[in-house]
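Participant: One structure follows; several queries about it will come next.
Values in this text are rule-based calculations from the coordinates and carry no lab data. As the structure is a computational prediction, the values presented were derived from the model and not from experiment. Heads up, the Cβs are rebuilt from the backbone with ideal geometry, glycines too, and the neighbour counts pull from every protein chain shown.
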Amino acid sequence: MKLLLLVCVGGAIGSGIRYGTDRALLAALPQHAAAFPWATLAVNFAGCLVAGLAYGFVTREGFKYGPELKVLIVTGLCGGLTTFSAFALQTLQVAPGKAIANVLASLVGGLALAWLGLWLSTPPTT
């Protein structure tokens, strides 16, 4: 029950951040730029980086709060923050060229940032 509560708390925070990012970017961008799903791209990138960092840190041997932080941050926060379902729907709703750009940018950027997060959170070998 404790882990479920942590997932729910993290998910609420992540969803709130996602919503705030969407509202802020829609207000800040010119109308023609808002036709591209910038907020979804931004939170997917951020979520990939945070998930990589968190997973790398909490899975270290001897890390005391690993299971709790993993479900709070990776499952909850990143699950609420990242918007792959929105990504799919929004990609299908834009012009083909923008759809391809969004798919490629999300895939390459997300994988690169997840790798960076893991790399940054992995202690150097001696």
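Participant: Can you tell which of Tyr55, Tyr19, Tyr65 shows the greatest fluctuation in a Gaussian network model of the chain with Cα springs below 10 Å?
Facilitator: Tyr65
Participant: Which whole-angstrom value gives the distance between the alpha carbon centres of the range 8-28 and the range 58-100?
Facilitator: 13
Participant: Run the numbers for Tyr19 and Gln93: contour at 0.36 nm per residue of separation, minus the present Cα-Cα distance, in nm.
Facilitator: On the way: separation 74, 0.36 × 74 = 26.64 nm, distance 1.93 nm.
Taking Tyr19 through Gln93 to full extension adds about 24.7 nm, to one decimal.
Participant: Return one number: the angle in degrees, 0 to 90 and rounded to the nearest 10, between the long axis of the Cα atoms of helix 2-28 and the longest principal axis of the Cα atoms of the chain.
Facilitator: Taking Cα atoms only, the helix is inclined about 30 degrees.
Participant: Match the structure shown to one of the listed values [x] 26, 15, 12; [y] 26, 19, 13; [z] 29, 18, 11 of semi-axes √(5λ) of the Cα gyration tensor in Å, computed from it, and give that label.
Facilitator: The listed entry that was calculated here is [z].
Participant: Turning to a different aspect of this structure: Within 10 Å of each residue's Cβ, count the other Cβ atoms and sort Phe57, Phe84 from fewest upward. Can you show the working numbers first?
Facilitator: Numbers: Phe57 19, Phe84 13.
Least to most surrounded, the residues fall as Phe84, Phe57.
Participant: May I ask you to derive the FRET efficiency for Leu5 and Tyr65 from their Cβ-Cβ distance with R0 = 22 Å, giving the value to the nearest 0.05?
Facilitator: Details: r = 15 Å, r/R0 = 0.66.
The computed FRET efficiency comes out at 0.90.
Participant: Okay, next question. Quote the charge dipole size of the range 2-121 about the Cα centre in Debye, to the nearest 20; the model charges only the Cβ of Lys and Arg (+1) and of Asp and Glu (-1). Working shown, then result.
Facilitator: Working: 7 positive and 3 negative charges, 22 e Å.
The dipole of the range 2-121 has a size of about 100 debye.
Participant: Considering only Ala35, Gly10, Gly80, whose Cα is most displaced toward the positive end of the charge dipole of the range 1-80, charges sitting on Cβ of Lys, Arg (+1) and Asp, Glu (-1)?
Facilitator: Gly10
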